[in-house]
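Chemist: A single structure is presented below for examination.
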Amino acid sequence: MKSLTVKACLALLALISSALCPMASFGAPDSAGYHGEPIPPALDAVYSRGLAWLAASQKQDGCWDGQYGDNPGVVGVAVMAMLARGDDPNHGAYRTHIRKGLDFILSRMAPQTGYIGDSMYNHGFSTLALAEAYGTVNDPRLGPALQKAVALILSAQAVNPTGGWRYSPSSTDADTTVSGAQLMALLAARNAGMAVPDRAIDLAVQLISRHQSGNGGFGYASASGPTTASSAIGALILALTDHNRNAAYASALRYVEQVWLVPDQHPYYYLYYASQALFHGNMQLWNKWNVENLARLAASQGPDGRWTGSEGDVFCTSAALLSLALNYRYLPIYER
């Protein structure tokens, strides 16, 4: 990543803040926020460079080279980043790349069980991508595939005494990150019209809520030792399941506020969830976050458009873009 002096960072932040000022003027915590003003050029330029790198580096079979680039869950996150700007997925510039990514995800689905990839991490993010593509991409395979993928998530929960999920469909323990991925997929699938029992959602929320510590953060496998990524996931889940007016969410939001843009680890994973948690729960905070997040990402974007990190360039780039994609309001999961 490129390093900037404090003075340069402040100058860049001022420039981007000025570009985003129409967006930042809507400050009530539960207001609709951005109301359709043109996307600021500074933001769209950053997003366009990131998409260009993803498109140019995608392999013919729909995945990517490099760390985790051939994981169907990572491919799913990249597909969502392509869908999220609102370009026509059937006739637009990225239609071929979106289709190749979906082809890859479907090729990694077990025909009998609907299990995608070799871990519930991969399955959760892949299912989320299928749910977000369903209804927008003209592909008759997506509906049946999404149905199978959702059934696998529900059956894995049914055999897990915690009410959550971990690494495999037969796991009997759970953690916040894997459970959060499955719950996000279920919520997106329900938004897409798939049948998802309320009890499945309720059990998962209860499980994640049990991982909240006294300081508002969420631990990985218990309430102890909260991590920033787990805390962002927990805050988002509370916001998406209509708990964003209770004390638990207020506490979770305070924790995210304290962390802000300096997570303890997995920064792009954190940005992906924290942006959504703020957006769905408190627009005033999100408006402030949005300006600062764009400034930080614009400063750290590589010359070729990618972001790099321990999660692999494809995931880091896609997650960074999705943390900005709330400005476009295109994906159903990003609607308020």
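Chemist: Of these, Ala149, Ala156, Ala200, which one is closer than 19 Å to Leu106 by Cβ and either touching a Lys or Arg at 6+ places or on another chain (Cβ under 9 Å) or at pLDDT 95 or above (or both)? Let's see the steps before the verdict.
Modeler: Details: Ala156 fails: closer than 19 Å to Leu106 by Cβ; Ala200 fails: closer than 19 Å to Leu106 by Cβ.
On inspection, the qualifying residue turns out to be Ala149.
Chemist: From the residues in the stretch 43-52 that are of a type outside the set (Phe, Trp, Tyr) and crowded, with 18+ Cβ neighbours inside 10 Å, which one is nearest to Arg85 (Cα to Cα)?
Modeler: Let us first name the residues in the stretch 43-52 that are of a type outside the set (Phe, Trp, Tyr), namely 43-46, 48-52.
Next, only the ones that are crowded, with 18+ Cβ neighbours inside 10 Å stay: 43, 46, 49-51.
Numbers: Leu43: 11, Val46: 12, Arg49: 12, Gly50: 11, Leu51: 9 Å.
Checked the stretch 43-52; the qualifying residue nearest to Arg85 (Cα to Cα) is Leu51.
Chemist: Given the criteria more than 16 Å from the chain's Cα centre (by Cα) and small (Gly, Ala, Ser), does Ala319 qualify?
Modeler: Numbers: more than 16 Å from the chain's Cα centre (by Cα): no; small (Gly, Ala, Ser): yes.
In short, no.
Chemist: Condition first: over 16 Å from Gln157 (Cβ atoms), in contact (Cβ under 8 Å) with a residue 60 or more places away in the chain and not in a helix (DSSP H, G or I). Now tell me which residues in the stretch 171-217 satisfy that.
Modeler: The answer is Ala192, and nothing else.
Chemist: Also, quick follow-up: Among the listed residues His243, His266, His211, identify the single one that is surrounded by 24 or more Cβ atoms within 10 Å (Cβ to Cβ) and either at pLDDT below 95 or in contact with a Ser or Thr (Cβ under 9 Å, 6 or more places away or on another chain) (or both). It would help to see each step written out before you state the result.
Modeler: On the way: His243 fails: surrounded by 24 or more Cβ atoms within 10 Å (Cβ to Cβ); His266 fails: surrounded by 24 or more Cβ atoms within 10 Å (Cβ to Cβ).
The conditions single out His211.
Chemist: Exactly one condition in (1) in contact with a helix residue (DSSP H, G or I) (Cβ under 7 Å, 6 or more places away or on another chain); (2) buried (at least 17 other Cβ atoms within 10 Å of the Cβ); (3) under 27 Å from Asp70 (Cβ atoms) is not met by Tyr167; state its number.
Modeler: For Tyr167, the failing item is (2).
Chemist: How many residues are aromatic (Phe, Trp, Tyr) and under 16 Å from Ala277 (Cβ atoms) when one looks only at the stretch 193-225? Before you say what the answer is, go through the steps one by one.
Modeler: Kept after step one, since they are aromatic (Phe, Trp, Tyr), are these residues of the stretch 193-225: 218, 220.
Next, from what is left, pick out any that are under 16 Å from Ala277 (Cβ atoms): 218.
Total meeting the criteria: 1.
Chemist: Taking the condition closer than 18 Å to Ser323 by Cα and part of a loop (DSSP other than H, G, I, E, B), does Val262 pass? Break it down into steps so the answer makes sense when it comes.
Modeler: On the way: closer than 18 Å to Ser323 by Cα: yes; part of a loop (DSSP other than H, G, I, E, B): yes.
Yes, satisfied.
Chemist: Could I ask something else about it? Which one of these is more than 16 Å from the chain's Cα centre (by Cα) and assigned to a helix (DSSP H, G or I): Ala232, Ala250? Spell out how you get there, then give the answer.
Modeler: On the way: Ala232 fails: more than 16 Å from the chain's Cα centre (by Cα).
Exactly one residue qualifies, and that residue is Ala250.
Chemist: Same structure again: Could you count how many residues in the stretch 220-239 are touching a helix residue (DSSP H, G or I) at 6+ places or on another chain (Cβ under 6 Å) and either over 22 Å from Asn293 (Cα atoms) or among the hydrophobic types (A, V, I, L, M, F, W, C) (or both)? Lay out the reasoning, then the answer.
Modeler: Kept after step one, since they are touching a helix residue (DSSP H, G or I) at 6+ places or on another chain (Cβ under 6 Å), are these residues of the stretch 220-239: 220, 228-239.
From what's left, either over 22 Å from Asn293 (Cα atoms) or among the hydrophobic types (A, V, I, L, M, F, W, C) (or both): 220, 229, 232-233, 235-239.
Matching residues across the stretch 220-239 total 9.
The values are calculated or read from the model by the stated rules, or taken from the named source; none is laboratory data. Computed from a prediction, not measured in an experiment: that's the story for all the values here. All Cβ positions, even for glycine, are placed from backbone atoms using ideal geometry, and neighbour counts span all protein chains on display.
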